[in-house]
Protein chains: 2
Amino acid sequence: MSTRKNYILGADCGGTNIKMAIVDDSGRLLHSDLQPIDYKKQPIQVVRDMAQRLKNFLARCNINRVKGLGVGIAGDVDPHKGLVRFSPNLGWNNVPLKEYLFKFLRIPVLVENDANCAAVGAYWLDARRDCENLVCLTLGTGVGGGIIVGGKLYRGTTGSAGEIGHMTIDYNGRRCKCGNLGCAESLIGAWGIILSAQEALKKNQAPILKKLIRETNEKLSPKLIEQAAKKGDAFSRRLWKQTGVQLGCVLSNCVNIFNPERIVLSGGVSKVGNLLLAPALATMKSRAFKVPAKTVKVTVSKYGEKLGVMGAAYLLLE
Amino acid sequence: MSTRKNYILGADCGGTNIKMAIVDDSGRLLHSDLQPIDYKKQPIQVVRDMAQRLKNFLARCNINRVKGLGVGIAGDVDPHKGLVRFSPNLGWNNVPLKEYLFKFLRIPVLVENDANCAAVGAYWLDARRDCENLVCLTLGTGVGGGIIVGGKLYRGTTGSAGEIGHMTIDYNGRRCKCGNLGCAESLIGAWGIILSAQEALKKNQAPILKKLIRETNEKLSPKLIEQAAKKGDAFSRRLWKQTGVQLGCVLSNCVNIFNPERIVLSGGVSKVGNLLLAPALATMKSRAFKVPAKTVKVTVSKYGEKLGVMGAAYLLLE
């Protein structure tokens, strides 16, 4: 009959920082923080730094005991062993992240791919756990995916499932960073979108965008391309429309294959709004099978940046 | 302590016939048969004919009681209601197949998409239920798919999941029969392969194939294209290679998304063998993520035509 709360710690390890969150066992967010991490050090030193950030965070929150830690990290993760097999962003190969973190923190640790964490977050937060099947797409620099089946994260045989960003939708298309051709990511990931814009800029096909880059002195980004489109740059408008159609093909594939109740979009590119989403949804409706297309609810997550770190914490509540 | 066996009836409704099977509750095949069905009649009359075929089959096998009937049928099926929402092959719209069959047979009936039945069959037979996750592709006139997750058929929200044949792999590509562009089926389904060969024949690009059609007086088919390739027809060889690459892209998508232990191929086109499979497997290996590609075992089903009808029966054992 204890009223003492169970606290759970979540962490989302990005390329330059670590996001941290504390949730209670009902899933409510109590505290969150973001701290820089220098990934240029040796992996074990990086993990020691992470552990120290987490300890300091707990101290600042006056919490001295947590049930465990869930960690999301970009790359190919073995969730059973808590091993980061390969993380191109962090430059890691076969780093035993769970073992290292346990060494420094002495609490139960779960390690999971960051897009899988976002899917768990979307299931708890956007869907309020009130659905059976959900697909989450994280539209950032790359495109990640996570799949919830029967209310649980679907990991596949080696924990590698859900790489929807590396689904081929144009099999003779652009070379993706993974080596494959025509992956969703190579077209609708921020790097793919930027590449298309760079090609147009070289050919002087996007004058308003060009002017905007000069004026703002900012690096080319989806946000700038959005602004250019809104200022009437014809190329930028076409690019968003085309990206929307390509996203629509990805959604349509998800609908035909998974027939999910929900598809939740997150990540920077999802914030572009209707420039991207209107053609995406129209394409999904015209391409996918009627009944599952009518059934699925596609939304942009309301929890943005916190989806991954909170989802990582929820892993311990699954 | 009864030694009396439980018998289960399975049926696979094709466009011109009904396949029937009886299995025991350990999954062993006891009897099977195939009978023609005239689908031009009213649906309720067609179902009455089916029921009569099944009754006669049971009588011939001296079995007067079965635990139930599982039915596989091509098209969009609502397995909860046992409703055939749409079956282009049979020309059916919203036919309450389960209700009709129960009316005539008075036994429990389960209705399922035929490719989903094949996946259940592949799980029981090819994988001997000794795996967690399996994807089955039926490579026939069309391309069907079925997904086993955690040892169970994954149906999705409205029972429409698993339409891997209608996964876009060439989003600006050929128009598929479903209305979408560049579906797997439009490229690697028998109708898509035949269409490509017809285009080449019109342009006189496949002389050996042309001669073969004239000599055998057979209709153009994957089998003839296979023979032409084996006789050295350059176009036919290229077509199989290209089809293999396209199948490889589908496999690669399945690997990156599902990370399955097994992928089982079945259907007429899968019998073409290495002309198709060698490029398919090479493409999968070069395109998919390394760890899941190394883990998956891809095989052609040993149970061929019986996969669907036996899988339909196994639905009652799930």
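The values are calculated or read from the model by the stated rules, or taken from the named source; none is laboratory data. In this text, all values refer to a predicted model and were calculated from it rather than measured experimentally. Quick reminder, even Gly has a Cβ in these numbers, built from the backbone with ideal geometry, and neighbours come from all protein chains shown. Just so you know, the surface numbers come from the protein's heavy atoms only, side chains and all, with ligands and any DNA or RNA stripped out. Shrake-Rupley method; radii C 1.70, N 1.55, O 1.52, S 1.80 Å.
Here is the figure for segment A:273-300: residues that are in contact with a strand residue (DSSP E or B) (Cβ under 9 Å, 6 or more places away or on another chain), closer than 16 Å to A:Thr243 by Cα and either charged (D, E, K, R) or at the interface with chain B (Cβ under 10 Å from one of its Cβ atoms) (or both) total 1. In the set (1) of a type in the set (A, V, I, L, M, F, W, C); (2) over 20 Å from A:Ala184 (Cβ atoms); (3) part of a helix (DSSP H, G or I); (4) touching a helix residue (DSSP H, G or I) at 6+ places or on another chain (Cβ under 6 Å), the condition left unmet by A:Leu220 is number (3).
In this structure, is B:Val269 under 22 Å from A:Ile169 (Cα atoms) and modelled with pLDDT of 95 or more? Considered against the rule, which asks whether it is under 22 Å from A:Ile169 (Cα atoms) and modelled with pLDDT of 95 or more, B:Val269 comes out as no. On the given criteria, is A:Asn56 surrounded by fewer than 19 Cβ atoms within 10 Å (Cβ to Cβ), touching a Lys or Arg at 6+ places or on another chain (Cβ under 7 Å) and modelled with pLDDT of 95 or more? No; evaluated as a whole, the condition is false for this residue.
Where helices (runs of 4 or more DSSP H) fall wholly inside segment A:38-149, the ranges with 3 or more residues that are over 27 Å from A:Gly273 (Cα atoms) and more than 19 Å from the chain's Cα centre (by Cα) are A:43-60, A:97-105.
Quick check, is B:Ser160 at pLDDT 95 or above, under 20 Å from the mean Cα position of the chain (by Cα) and part of a helix (DSSP H, G or I)? Step through it out loud before you land on a result.
Working: at pLDDT 95 or above: yes; under 20 Å from the mean Cα position of the chain (by Cα): yes; part of a helix (DSSP H, G or I): no.
In short, no.
Filtering segment B:17-45 to residues that are at pLDDT 95 or above, charged (D, E, K, R) and open to solvent by less than 70 Å² (accessible area, probe 1.4 Å) leaves B:Lys19, B:Asp24, B:Asp33.
When A:Ile63, A:Ile73 are screened for being over 18 Å from A:Glu318 (Cβ atoms), open to solvent by less than 20 Å² (accessible area, probe 1.4 Å) and more than 14 Å from chain B (Cβ to nearest Cβ), only A:Ile63 passes. Once segment B:174-186 is narrowed to residues that are open to solvent by 20 Å² or more (accessible area, probe 1.4 Å) and at the interface with chain A (Cβ under 9 Å from one of its Cβ atoms), the residue that is modelled with the highest pLDDT is B:Leu181.
When restricted to residues that are on the phi > 0 side of the Ramachandran plot and in contact (Cβ under 8 Å) with a residue 12 or more places away in the chain, segment A:83-103 contains 1. Picking from residues in segment A:253-288 that are on the phi < 0 side of the Ramachandran plot and small (Gly, Ala, Ser), the one that is most open to solvent (accessible area, probe 1.4 Å) is A:Ser286.
With buried (at least 17 other Cβ atoms within 10 Å of the Cβ) and farther than 28 Å from B:Gly165 by Cα as the only criterion, which of A:Val291, A:Val250, A:Val309, A:Val298 stands out? If you could, list the steps in order and put the result at the bottom.
Values: A:Val291 fails: farther than 28 Å from B:Gly165 by Cα; A:Val250 fails: farther than 28 Å from B:Gly165 by Cα; A:Val298 fails: farther than 28 Å from B:Gly165 by Cα.
It is A:Val309.
Quick check, is A:Val296 within 18 Å of the chain's Cα centre (by Cα) and either modelled with pLDDT under 95 or of a type in the set (Val, Ile, Thr) (or both)? Explain how you work it out, then say what you get.
Values: within 18 Å of the chain's Cα centre (by Cα): no; either modelled with pLDDT under 95 or of a type in the set (Val, Ile, Thr) (or both): yes.
No: the conditions fail for A:Val296.
Within segment A:11-37, being among the small types (Gly, Ala, Ser) and not in a loop (DSSP other than H, G, I, E, B) holds for A:Ala11, A:Ala21, A:Ser32.
How many residues, within segment B:219-274, are of a type in the set (Lys, Arg) and closer than 12 Å to B:Val135 by Cβ? If you could, list the steps in order and put the result at the bottom.
As a first pass, look at segment B:219-274 and keep what is of a type in the set (Lys, Arg): B:219, B:223, B:230-231, B:237-238, B:241, B:262, B:271.
Pick out the ones that are also closer than 12 Å to B:Val135 by Cβ and you get B:262.
Looking only at that region, the number is 1.
Taking the stated definitions as given, is A:Leu125 more than 9 Å from chain B (Cβ to nearest Cβ), in contact with a strand residue (DSSP E or B) (Cβ under 7 Å, 6 or more places away or on another chain) and either at pLDDT 95 or above or open to solvent by less than 20 Å² (accessible area, probe 1.4 Å) (or both)? No. For B:Val120, indicate whether it is within 19 Å of B:Pro260 (Cα to Cα), more than 11 Å from chain A (Cβ to nearest Cβ) and either out of contact with any Cys (no Cβ under 7 Å at 6 or more places or on another chain) or without any contact (Cβ under 8 Å) to a residue 40 or more places away in the chain (or both). When the stated conditions are applied, B:Val120 passes them.
Given the criteria away from chain A (no Cβ under 14 Å), part of a helix (DSSP H, G or I) and under 25 Å from B:Asp114 (Cβ atoms), does B:Ser270 qualify? Here the answer is yes, as B:Ser270 does meet what is asked. Within segment A:225-235, the residues that satisfy the criterion of being over 16 Å from A:Gly140 (Cβ atoms) and outside any loop (DSSP other than H, G, I, E, B) are A:Gln227, A:Ala228, A:Ala229, A:Lys230, A:Ala234, A:Phe235. The residues in segment B:243-264 that are in a helix (DSSP H, G or I) and touching a residue at least 12 places away in the same chain (Cβ under 8 Å) can be counted, and the count is 15.
Among the conditions (1) aromatic (Phe, Trp, Tyr); (2) under 22 Å from the mean Cα position of the chain (by Cα); (3) surrounded by fewer than 24 Cβ atoms within 10 Å (Cβ to Cβ), the only one that A:Phe235 does not satisfy is (2).
Within segment A:143-169, if we keep just the residues that are charged (D, E, K, R) and buried (at least 22 other Cβ atoms within 10 Å of the Cβ), the residue that is farthest from the other protein chains (Cβ to nearest Cβ) turns out to be A:Arg155. Within segment A:83-101, does at least one residue satisfy the condition of being buried (at least 17 other Cβ atoms within 10 Å of the Cβ), in contact with a Ser or Thr (Cβ under 8 Å, 6 or more places away or on another chain) and within 11 Å of chain B (Cβ to nearest Cβ)? No: zero hits.
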